[in-house]
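For reference, the structure discussed in these notes is given below.
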Amino acid sequence: MPARLITIEGIDGAGKTTLAAGLREALVARGIDAVALREPGGVALAERIRSLVKDPRLEIADRAEALLYAASRAQLVAERVEPELAAGRWVLLDRYVDSSLAYQGAGRGLGLDAVRAINEFATAGLSADRTLLLAIDPSAGRARRGDRGEDADRLEREADEFFARIAAGYASLAAAEPARIRTLDATLAPEQLLAAALAELADLFE
Ligand code: TYD
(Lines give C-alpha, C1' and ligand atoms only; values in the text may rest on other atoms or scores of the structure.)
Protein backbone atom coordinates (compact mmCIF):
# COMPACT_ATOMS: atom_id res chain seq x y z
CA MET A 1 0.00 0.00 0.00
CA PRO A 2 1.61 3.34 -0.99
CA ALA A 3 2.00 6.01 1.67
CA ARG A 4 -0.65 8.69 1.32
CA LEU A 5 -0.95 12.35 2.07
CA ILE A 6 -4.36 13.10 3.58
CA THR A 7 -5.27 16.69 4.37
CA ILE A 8 -8.01 18.06 6.59
CA GLU A 9 -9.52 21.44 5.85
CA GLY A 10 -12.20 23.82 7.07
CA ILE A 11 -12.71 27.17 8.74
CA ASP A 12 -11.50 27.83 12.28
CA GLY A 13 -13.70 25.98 14.78
CA ALA A 14 -14.68 23.16 12.40
CA GLY A 15 -13.04 20.45 14.55
CA LYS A 16 -10.09 19.47 12.35
CA THR A 17 -7.69 18.78 15.19
CA THR A 18 -10.02 16.31 16.92
CA LEU A 19 -10.64 14.50 13.64
CA ALA A 20 -6.92 14.32 12.84
CA ALA A 21 -6.19 12.68 16.19
CA GLY A 22 -9.04 10.19 15.75
CA LEU A 23 -7.98 9.33 12.22
CA ARG A 24 -4.42 8.72 13.22
CA GLU A 25 -5.55 6.22 15.87
CA ALA A 26 -7.90 4.52 13.40
CA LEU A 27 -5.13 4.17 10.81
CA VAL A 28 -2.67 2.79 13.34
CA ALA A 29 -5.35 0.28 14.44
CA ARG A 30 -5.48 -0.87 10.79
CA GLY A 31 -1.75 -1.45 10.85
CA ILE A 32 -0.98 1.73 8.89
CA ASP A 33 1.91 3.77 10.20
CA ALA A 34 0.71 7.39 10.25
CA VAL A 35 1.87 10.75 11.55
CA ALA A 36 -0.30 13.78 12.23
CA LEU A 37 1.10 17.26 11.55
CA ARG A 38 -0.42 20.72 11.46
CA GLU A 39 0.00 23.87 9.45
CA PRO A 40 1.34 26.39 9.93
CA GLY A 41 3.89 24.55 12.09
CA GLY A 42 5.20 21.04 12.55
CA VAL A 43 8.89 21.98 12.26
CA ALA A 44 10.94 24.71 13.95
CA LEU A 45 10.95 27.28 11.13
CA ALA A 46 7.25 26.78 10.49
CA GLU A 47 6.42 27.16 14.22
CA ARG A 48 8.25 30.50 14.19
CA ILE A 49 6.31 31.61 11.12
CA ARG A 50 3.14 30.47 12.90
CA SER A 51 3.79 32.87 15.76
CA LEU A 52 4.34 35.69 13.26
CA VAL A 53 1.14 35.15 11.28
CA LYS A 54 -0.94 34.83 14.47
CA ASP A 55 0.47 37.92 16.19
CA PRO A 56 -2.26 40.60 16.40
CA ARG A 57 0.40 43.29 16.94
CA LEU A 58 1.91 42.80 13.48
CA GLU A 59 0.73 44.46 10.33
CA ILE A 60 0.98 41.90 7.52
CA ALA A 61 0.07 42.78 3.94
CA ASP A 62 -2.08 40.20 2.14
CA ARG A 63 0.67 39.16 -0.29
CA ALA A 64 3.19 38.88 2.54
CA GLU A 65 0.70 36.72 4.45
CA ALA A 66 0.32 34.37 1.48
CA LEU A 67 4.09 34.09 1.13
CA LEU A 68 4.61 33.43 4.85
CA TYR A 69 2.15 30.51 4.77
CA ALA A 70 3.80 29.24 1.59
CA ALA A 71 7.28 29.50 3.17
CA SER A 72 6.09 27.61 6.24
CA ARG A 73 4.62 24.94 3.97
CA ALA A 74 7.79 24.67 1.88
CA GLN A 75 9.84 23.91 4.99
CA LEU A 76 7.34 21.40 6.38
CA VAL A 77 7.20 19.54 3.06
CA ALA A 78 10.97 19.41 2.71
CA GLU A 79 11.78 18.62 6.34
CA ARG A 80 8.96 16.27 7.33
CA VAL A 81 6.27 15.42 4.78
CA GLU A 82 8.50 14.17 1.94
CA PRO A 83 10.76 12.12 4.25
CA GLU A 84 7.76 10.55 6.06
CA LEU A 85 6.11 9.57 2.78
CA ALA A 86 9.42 8.23 1.47
CA ALA A 87 9.69 6.08 4.62
CA GLY A 88 6.24 4.64 3.89
CA ARG A 89 4.33 6.52 6.57
CA TRP A 90 0.98 8.12 5.86
CA VAL A 91 0.82 11.82 6.65
CA LEU A 92 -2.31 13.43 8.07
CA LEU A 93 -2.03 17.14 7.65
CA ASP A 94 -4.26 19.58 9.52
CA ARG A 95 -4.43 22.25 6.74
CA TYR A 96 -2.47 22.38 3.47
CA VAL A 97 -2.59 24.28 0.15
CA ASP A 98 -6.40 24.50 0.16
CA SER A 99 -6.18 26.64 3.33
CA SER A 100 -4.15 29.21 1.40
CA LEU A 101 -6.53 29.03 -1.57
CA ALA A 102 -9.52 29.58 0.75
CA TYR A 103 -8.04 32.09 3.25
CA GLN A 104 -5.65 34.09 1.07
CA GLY A 105 -7.15 33.40 -2.38
CA ALA A 106 -10.83 33.81 -1.49
CA GLY A 107 -10.77 35.39 1.99
CA ARG A 108 -8.15 38.06 1.26
CA GLY A 109 -9.18 38.29 -2.38
CA LEU A 110 -5.75 37.52 -3.88
CA GLY A 111 -7.35 35.11 -6.35
CA LEU A 112 -6.86 31.37 -6.75
CA ASP A 113 -4.37 31.50 -9.63
CA ALA A 114 -1.73 33.59 -7.86
CA VAL A 115 -2.01 31.62 -4.62
CA ARG A 116 -1.91 28.32 -6.49
CA ALA A 117 1.24 29.39 -8.32
CA ILE A 118 3.27 30.26 -5.21
CA ASN A 119 2.13 27.02 -3.59
CA GLU A 120 3.18 24.94 -6.60
CA PHE A 121 6.62 26.42 -6.09
CA ALA A 122 6.54 25.95 -2.29
CA THR A 123 5.51 22.30 -2.39
CA ALA A 124 7.40 21.35 -5.56
CA GLY A 125 4.03 20.12 -6.76
CA LEU A 126 3.27 17.71 -3.88
CA SER A 127 -0.52 17.44 -3.70
CA ALA A 128 -2.87 15.65 -1.32
CA ASP A 129 -4.16 12.20 -2.27
CA ARG A 130 -7.41 12.97 -0.47
CA THR A 131 -8.78 15.99 1.35
CA LEU A 132 -11.49 15.94 3.99
CA LEU A 133 -13.34 19.25 4.14
CA LEU A 134 -15.21 19.84 7.40
CA ALA A 135 -18.09 22.04 6.38
CA ILE A 136 -19.67 24.23 9.02
CA ASP A 137 -21.68 27.40 8.92
CA PRO A 138 -19.30 30.31 9.66
CA SER A 139 -21.46 31.53 12.56
CA ALA A 140 -21.46 28.04 14.10
CA GLY A 141 -17.69 27.97 13.69
CA ARG A 142 -17.39 31.27 15.49
CA ALA A 143 -19.67 30.05 18.28
CA ARG A 144 -17.51 26.93 18.72
CA ARG A 145 -14.35 29.00 18.92
CA GLY A 146 -16.03 31.03 21.63
CA ASP A 147 -15.34 34.65 22.39
CA ARG A 148 -11.61 34.66 22.99
CA GLY A 149 -11.56 38.46 23.33
CA GLU A 150 -8.03 39.70 23.90
CA ASP A 151 -6.67 36.17 23.36
CA ALA A 152 -7.99 35.99 19.79
CA ASP A 153 -5.20 35.71 17.21
CA ARG A 154 -4.77 37.96 14.17
CA LEU A 155 -7.06 35.89 11.92
CA GLU A 156 -9.69 35.16 14.57
CA ARG A 157 -10.17 38.93 14.89
CA GLU A 158 -11.45 39.14 11.32
CA ALA A 159 -15.09 39.95 10.63
CA ASP A 160 -17.76 37.36 9.82
CA GLU A 161 -17.65 38.31 6.11
CA PHE A 162 -14.04 37.12 5.93
CA PHE A 163 -15.05 33.67 7.18
CA ALA A 164 -18.08 33.63 4.88
CA ARG A 165 -15.77 34.22 1.87
CA ILE A 166 -13.50 31.42 3.09
CA ALA A 167 -16.39 28.97 3.52
CA ALA A 168 -17.64 29.84 0.01
CA GLY A 169 -14.09 29.44 -1.32
CA TYR A 170 -13.82 25.97 0.19
CA ALA A 171 -17.21 24.99 -1.26
CA SER A 172 -16.15 25.99 -4.77
CA LEU A 173 -12.83 24.15 -4.45
CA ALA A 174 -14.76 21.02 -3.43
CA ALA A 175 -17.18 21.41 -6.34
CA ALA A 176 -14.26 21.70 -8.78
CA GLU A 177 -12.40 18.64 -7.47
CA PRO A 178 -14.97 16.15 -6.17
CA ALA A 179 -12.67 13.13 -6.50
CA ARG A 180 -10.06 14.56 -4.16
CA ILE A 181 -12.06 16.81 -1.84
CA ARG A 182 -14.78 15.06 0.18
CA THR A 183 -17.08 17.26 2.21
CA LEU A 184 -18.12 16.13 5.68
CA ASP A 185 -20.73 17.63 7.98
CA ALA A 186 -18.71 19.15 10.82
CA THR A 187 -21.78 19.24 13.09
CA LEU A 188 -21.78 15.42 13.40
CA ALA A 189 -20.79 13.94 16.75
CA PRO A 190 -17.04 13.12 16.84
CA GLU A 191 -17.50 9.32 16.45
CA GLN A 192 -19.89 9.76 13.52
CA LEU A 193 -17.57 12.27 11.89
CA LEU A 194 -14.68 9.83 12.23
CA ALA A 195 -16.74 7.03 10.67
CA ALA A 196 -17.76 9.29 7.78
CA ALA A 197 -14.12 10.33 7.27
CA LEU A 198 -12.95 6.69 7.21
CA ALA A 199 -15.64 5.88 4.64
CA GLU A 200 -14.24 8.61 2.38
CA LEU A 201 -10.77 7.06 2.67
CA ALA A 202 -11.87 3.41 2.32
CA ASP A 203 -10.68 2.99 -1.29
CA LEU A 204 -7.17 4.08 -0.28
CA PHE A 205 -6.90 1.19 2.19
CA GLU A 206 -7.25 -1.46 -0.52
P1 TYD B 1 -4.70 27.59 13.87
O2 TYD B 1 -4.74 27.97 15.28
O3 TYD B 1 -3.92 26.40 13.46
O4 TYD B 1 -6.18 27.50 13.33
P5 TYD B 1 -7.06 26.20 13.32
O6 TYD B 1 -6.86 25.58 14.66
O7 TYD B 1 -8.43 26.69 13.06
O8 TYD B 1 -6.50 25.38 12.18
O9 TYD B 1 -4.20 28.85 13.07
C10 TYD B 1 -4.02 28.81 11.74
C11 TYD B 1 -4.63 30.04 11.18
O12 TYD B 1 -3.98 30.34 9.95
C13 TYD B 1 -6.09 29.83 10.85
O14 TYD B 1 -6.80 31.02 11.16
C15 TYD B 1 -6.09 29.62 9.37
C16 TYD B 1 -4.92 30.39 8.89
N17 TYD B 1 -4.27 29.88 7.67
C18 TYD B 1 -4.28 30.64 6.52
O19 TYD B 1 -4.85 31.73 6.49
N20 TYD B 1 -3.66 30.17 5.40
C21 TYD B 1 -2.99 28.99 5.39
O22 TYD B 1 -2.41 28.57 4.35
C23 TYD B 1 -2.98 28.21 6.60
C24 TYD B 1 -2.25 26.90 6.65
C25 TYD B 1 -3.63 28.69 7.72
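The values are calculated or read from the model by the stated rules, or taken from the named source; none is laboratory data. As the structure is a prediction and not an experimental result, all values here were calculated from the model. Heads up, the Cβs are rebuilt from the backbone with ideal geometry, glycines too, and the neighbour counts pull from every protein chain shown. Note: accessible area is taken over every heavy atom of the protein model, side chains too, but ligands, DNA and RNA are not part of it. Shrake-Rupley method; radii C 1.70, N 1.55, O 1.52, S 1.80 Å.
Some values worked out for this structure:
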{"item": "At 0.890 mPa s and 25 °C, Stokes diffusion of the stretch 108-193 via Kirkwood alpha-carbon radius, µm² per second", "result": "164"}
{"item": "Intensity falloff of the stretch 29-74 expressed as log10 I(q)/I(0), Debye formula with alpha-carbon point scatterers, at q = 0.14, 0.22, 0.25 Å⁻¹", "result": "-0.40, -0.73, -0.87"}
{"item": "Global size of the stretch 1-113 as Cα Rg and Dmax, reported in angstrom", "result": "14.8, 46"}
{"item": "Where the stretch 5-201 is the region considered: accessible area per residue in Å², 1.4 Å probe", "result": "46"}
{"item": "Lys, Arg +1 and Asp, Glu -1 on Cβ, resulting dipole of the chain about Cα centre, debye, nearest 20", "result": "220"}
{"item": "Amide proton proximity set for Thr183, modelled H, under 5 Å, gap of 5+", "result": "Leu133"}
{"item": "Gly10 long-range amide H proximity, modeled H, under 5 Å", "result": "Leu134"}
{"item": "Convex hull (Cα only) mean projected area of the chain, reported in nm² to one decimal", "result": "10.7"}
{"item": "Accessible-area composition of the chain, carbon plus sulfur, in percent [1.4 Å probe]", "result": "53"}
